[in-house]
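Read-outs: derived from the displayed coordinates by stated rules, not from any lab. This structure is a prediction, so every number in the text was calculated from the model and none was measured. Please note: Cβ atoms are built from the backbone with ideal geometry, for glycine as well, and neighbour counts cover all protein chains shown.
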Amino acid sequence: MKPRYWDQVIARYISSGLKQEEFCILESIPFNKFKYHWKQHRAEQTTNKLSKAISTSFEAIKLQDKEVISKPAPQSKAHSLSLKFSNDITCILDFEGNSIELAMFLKEISKL
């Protein structure tokens with residue numbers, strides 16, 4: 001059966017207020033088939049909510065320079081970058097490379 005059909009069935013079930021088994025008996029729908037499409041519907045709804053939450057929950061971040069404790073080889077330098085977000089999550093990035101590579105990396109991060 002077409003996906004649109006199952007969208008309509010799910011909408012009728014939601015508005016019915018019945019238990020799944022009761023609804024399936026009333027609609028003459030095999031219960032296992034209904035459960036399969038119900039799970040797909042729920043997974044799709046969860047994915048949509050999660051995608052929306054992720055796309056709208058980013059905040060601007062400030063980048064701060066940190067001093068390097070160890071001294072690596074002259075051609076490269078170790079860098080540590082700590083990002084603290086308003087929800088108390090901290091992300092620490094350790095990077096070893098020259099200052100041009102670090103600048104390019106920070107420029108890309110600032111675009112996010």
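Amide H contacts of Glu96: His79, each under 5 Å away and 5 or more positions distant or on a separate chain (H built 1.01 Å from N in the peptide plane; Pro and chain starts excluded).
Net length available on complete extension from Leu26 to Leu93 is 18.3 nm, with 0.36 nm assigned per residue and the Cα-Cα distance removed. Shown is the FRET efficiency for Phe85 and Gln40, computed with R0 = 35 Å from the Cβ-Cβ distance and rounded to the nearest 0.05: 0.55. With θ taken as phi - 60° and the Karplus curve 6.51 cos²θ - 1.76 cosθ + 1.60 applied, the whole-hertz 3J(HN,Hα) list for the range 79-92 is 10, 10, 10, 10, 10, 10, 9, 5, 8, 6, 8, 10, 10, 10 Hz, x standing for glycine and proline.
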